[in-house]
Amino acid sequence: MAHVTGTILADRRVRNLLVSGEGAGADLDHADLNGAWLAGANLRGARLCDAELTGADLSGADLTDADLSRAVLIGAELTGATLSGALLEGWNIDTATRLDGVVADYVYLESGPKGERRERRPQGEGTFGPGDFSTLFKRALKTVDLIFRNGIDWDAFRAAFDDLHAYYADFGDGREREVRVQSIENTDDGRLIIRIAVPDQADKDADYRRLTGGYEQHLAALEAAHQRDLLESERRHNAELVRMIDAVRAQPLTIHNIVQNARETDQMTGGDSIHQSGNFSGSNINVKSSLTQVSQAIGTLPGLDESGRRQLSDLLSELADALAQTPPERAQEAAAVAVLTADLVDKARAAPPNPPLLRISAEGVLKAAKSLAETATPVLNILEKVVGLLGVQ
């Protein structure tokens with residue numbers, strides 16, 4: 001009896017298949033079928049997940065409804081094979097894989113969490129025409145597929161794509177002209193698939209790493225720049241509000257001066273500064289109006305439990321009362337403190353919170369409160385408690 005140890009015949013499943021040619025519905029997951037002669041074999045509905053089929057002859061084989069997920073068919077012969085309804089998720093073929101004359105009405109490219117087959121090709125109710133299957137998958141051999149599950153930053157993608165284009169341009173033989181976006185597809189579950197054509201001789205795995213790595217690097221750089229812009233904008237914003245407080249001290253307390261300073265601040269901070277709301281009557285400013293709306297929105301603060309939200313609401317009420325007792329000549333400063341406090345609480349409601357912006361806002365409101373300490377002593381103490389309750393470091 002010949003020894004089969006160390007050969008593909010060591011697997012009883014493989015021996016039975018090679019002897020009988022019958023493998024309909026068989027479990028052949030992870031089977032070693034490298035170089036196997038399976039021409040005309042019946043493999044309807046067979047499971048061939050992760051099977052090794054490099055150099056195998058499957059010409060004329062019936063693979064209807066078979067599962068070929070992640071199967072390796074490098075250099076395999078599939079001429080005239082039937083693949084209607086087969087699942088081809090992540091199967092591995094190359095330019096030496098023969099797909100001429102494959103018979104397939106449709107195939108699936110993905111399985112769902114419950115094993116259901118998805119991503120039908122052709123989509124809808126259509127079927128492949130003569131040669132369509134071979135054309136589709138031969139074209140796919142020249143693409144790198146990028147899958148974005150949570151949206152895409154197009155600026156970061158463009159930068160990564162330009163990097164790949166420049167990489168091939170450095171060869172000096174014009175191959176960069178083959179680098180192009182071949183297709184963009186939105187899947188039913190919200191993913192975005194971008195297929196990028198690359199040169200025939202390309203190392204697709206290396207190009208995939210270049211594109212995904214470059215995308216992540218450019219995305220991080222863009223996010224860092226955005227964060228710097230936010231911080232700089234916030235610094236300018238707080239500086240201008242403090243400037244407004246200092247400016248109004250030297251001016252007569254009139255509605256004209258209040259509005260003029262608010263407009264100047266809005267213009268110098270790019271139009272995104274806080275807009276005061278409330279009633280103006282003579283020299284009296286209703287400071288409670290700036291805190292009323294934010295008090296009503298405390299329930300959406302992500303970092304506080306019910307007890308903390310009640311405590312914050314009480315502190316804001318105390319603050320409004322304390323600011324209302326400010327002498328008339330300091331009323332505008334009191335209004336600015338109220339507005340800055342509302343802005344701080346509003347930033348704390350962001351999801352996720354931005355600690356640097358919170359810290360800068362807290363510094364601004366505490367600095368404004370210190371200017372009132374001599375005439376409204378409780379204000380600074382109350383705001384220090386608010387800042388601490390919001391967890392600003």
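Bear in mind these aren't lab numbers, they're just calculated from the coordinates by the rules spelled out. Bear in mind the structure is a predicted one, so any value in this text is a computation, not a measurement. Ideal geometry is used to build each Cβ from the backbone, glycine not excepted, and the neighbour counts take in all protein chains shown.
Summary of computed values
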| item | result |
| --- | --- |
| Restricting the stretch 167-213 to chymotrypsin sites (Phe, Trp or Tyr not before Pro) in coil, as DSSP defines it, with at most 14 other Cβ within 10 Å | PHE171 |
| Whole-Hz couplings from phi, Karplus 6.51/-1.76/1.60, listed for the stretch 25-39; x for Gly and Pro | x, 6, 8, 10, 4, 6, 5, 8, 10, 4, x, 5, 9, 10, 4 |
| Packing-based ranking, highest mean first, of 381-392, 349-360 given that Cβ atoms within 10 Å are counted | 381-392, 349-360 |
| Calculated FRET value between SER313 and GLU363, using beta carbons and R₀ = 22 Å, to 0.05 | 0.40 |
| Within straight-line cross-link reach of LYS142, lysines at Cα separation under 21 Å, skipping those fewer than 8 residues along the same chain | LYS204 |
| HN-Hα J in Hz across the stretch 68-74 - Karplus 6.51, -1.76, 1.60, θ = phi - 60°, x for Gly and Pro | 10, 4, 6, 5, 9, 10, 4 |
| Cβ-placed point charges (K, R +1; D, E -1), dipole of the stretch 1-69 about Cα centre in debye, nearest 20 | 240 debye |
| Listed peptides 32-40, 10-18 by packing density, highest first (mean Cβ within 10 Å) | 32-40, 10-18 |
| Segment ALA10-GLU384, extension gain: residue separation times 0.36 nm, minus the distance between their alpha carbons | 127.0 nm |
| Computed label-point distance, nm, for sites LEU141 and GLU22 using a 7 Å Cα→Cβ extension | 3.5 nm |
| Modelled FRET efficiency - R0 35 Å, ALA221 with ASP200, Cβ distances, 0.05 increments | 0.60 |
| Karplus-derived 3J(HN,Hα), 6.51/-1.76/1.60, for each residue of the stretch 98-112, Hz, glycine and proline x | 8, 10, 5, x, 4, 9, 7, 6, 6, 9, 10, 10, 7, 10, x |
| Selection of GluC sites (Glu not before Pro), the stretch 116-171, meeting DSSP coil and at most 12 other Cβ within 10 Å | GLU116, GLU125 |
| Candidate aspartates and glutamates for bridging to LYS114, where Cα separation is under 20 Å - those fewer than 8 sequence places away on the same chain excluded | ASP27, ASP29, ASP50, ASP65, ASP67, GLU89, ASP188, ASP189 |
| Sorted peptide list for 194-204, 330-340, criterion being average Cβ within 10 angstrom, highest first | 330-340, 194-204 |
| Linear extension gain, ARG180 paired with GLN325, 0.36 nm per residue minus alpha-carbon span | 45.4 nm |
| Local electrostatic count, ILE194, Cβ distance below 9 Å [Lys/Arg +1, Asp/Glu -1] | -1 |
| Full-stretch length increase - THR187, ALA169 - with 0.36 nm per residue and alpha-carbon distance subtracted | 3.2 nm |
